[in-house]
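I have placed the structure first, in the form of structure tokens, so that the comments after it can refer back to it.
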There are 2 protein chains.
Amino acid sequence: MARAATTTDAFNAVAEPRRRQILDVLAAGERPVNDLVAQLGLAQPLVSKHLRVLRQVGLVEVREEGRQRLYRLNGHPLKPIHDWVKNYERSWSQRFDRLDAVLAELKEKEQADESRNE
Amino acid sequence: MARAATTTDAFNAVAEPRRRQILDVLAAGERPVNDLVAQLGLAQPLVSKHLRVLRQVGLVEVREEGRQRLYRLNGHPLKPIHDWVKNYERSWSQRFDRLDAVLAELKEKEQADESRNE
DNA sequence: TTGACATATGTCTATATGAGTATACGATTC
DNA sequence: GAATCGTATACTCATATAGACATATGTCAA
């Protein structure tokens, strides 16, 4: 089997840095394709293709206005990523240091109790 | 150009659901490969290959003990993902509703002031 | 209606993938 | 040292990609 399609889910869609850039620009508000082309310095067909992927996973929505297509962000599909990754925050954040210390203490105490019962 | 290698960064490495599963198991503590094979129900060579990718982006580390290799989690490389995605949290979280309301109010007031100066 | 503009799609190429299967390799045990 | 265990690697396959380029489609203006 090959790698999962980029359109499988937000995880795959967002693995491509250019697509993250597009979302970052759209976070400031609705934009026509050519604005994105200009801001990102990418070829227009490439931007259109990235937008297609983002559309397919629901990360952007389009609105037609004259000959322009206005794209806007929809962050909802990013929630699963956030939900998953936030469980690992303790790996780097000092915010959890105190909690970790408490847990270690509890564990130690528990083991002491166990050995008392042997 | 082809899609960026899975070993390019955590974004790409973690786009594969099996690799996320592996990390989820390792979050509970150090594990030998065969434990992962059993818990995930995957073929052993497949697990080894996924572990290799995770190693290359620094998400896991290995320790040899006899004929076993004990893998453990290192969440640090996930921080960029968390940092990026958390900026989009307002897209789905109600926690930001109040803030958004305040911002909208400010904006309205600002526009009122502007029109007074015309 | 002709042309310019905004965007999407098709084709091509190089490349890498996940999974399956077989096998290699080092450590241990007999 | 032979057999076994735990793990990694090699090879194969089908498939999808990002990007470059050319072109199609639709909309507006002169």
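Worth pointing out:
- Tally, over the range B:76-94, of residues that are touching a residue at least 24 places away in the same chain (Cβ under 8 Å) and within 7 Å of chain A (Cβ to nearest Cβ): 2
- Residues that are charged (D, E, K, R) and not in a helix (DSSP H, G or I) do not occur anywhere in the range B:84-96.
- Hits in the range B:14-47 - residues which are surrounded by 14 or more Cβ atoms within 10 Å (Cβ to Cβ) and of a type in the set (S, T, N, Q): B:Q21, B:Q39
- Cross-chain or 6+ apart pairs with Cβ under 8 Å, the range A:1-20 first and without any contact (Cβ under 8 Å) to a residue 40 or more places away in the chain and within 6 Å of DNA strand D (Cβ to nearest atom), then open to solvent by 60 Å² or more (accessible area, probe 1.4 Å) and not hydrophobic (A, V, I, L, M, F, W, C): A:E16/B:R3
- Filtered residues of the range A:10-27 (kept if of a type outside the set (K, R), under 18 Å from A:N74 (Cβ atoms) and away from DNA strand C (no atom under 14 Å from the Cβ)): A:A10, A:A13, A:V14, A:Q21, A:L23, A:D24, A:A27
- Test: residue in the range B:52-64 that is within 14 Å of chain A (Cβ to nearest Cβ), closer than 23 Å to A:R90 by Cα, more than 9 Å from DNA strand D (Cβ to nearest atom) and open to solvent by 30 Å² or more (accessible area, probe 1.4 Å): yes
- Just one of the listed residues (A:G41, A:G29) is among the small types (G, A, S) and touching a residue at least 12 places away in the same chain (Cβ under 8 Å), namely A:G29.
- Condition check for B:D83: closer than 23 Å to A:A10 by Cβ, away from DNA strand C (no atom under 16 Å from the Cβ), loosely packed, with under 13 Cβ neighbours inside 10 Å and at pLDDT 95 or above: yes
The values are calculated or read from the model by the stated rules, or taken from the named source; none is laboratory data. Remember, it's a predicted structure, so these values are computed and weren't measured experimentally. We place every Cβ from the backbone using ideal geometry, glycine too, and count neighbours over all the protein chains shown. All accessible areas refer to the heavy atoms of the entire protein, side chains included, with ligands and DNA or RNA removed. Shrake-Rupley method; radii C 1.70, N 1.55, O 1.52, S 1.80 Å.
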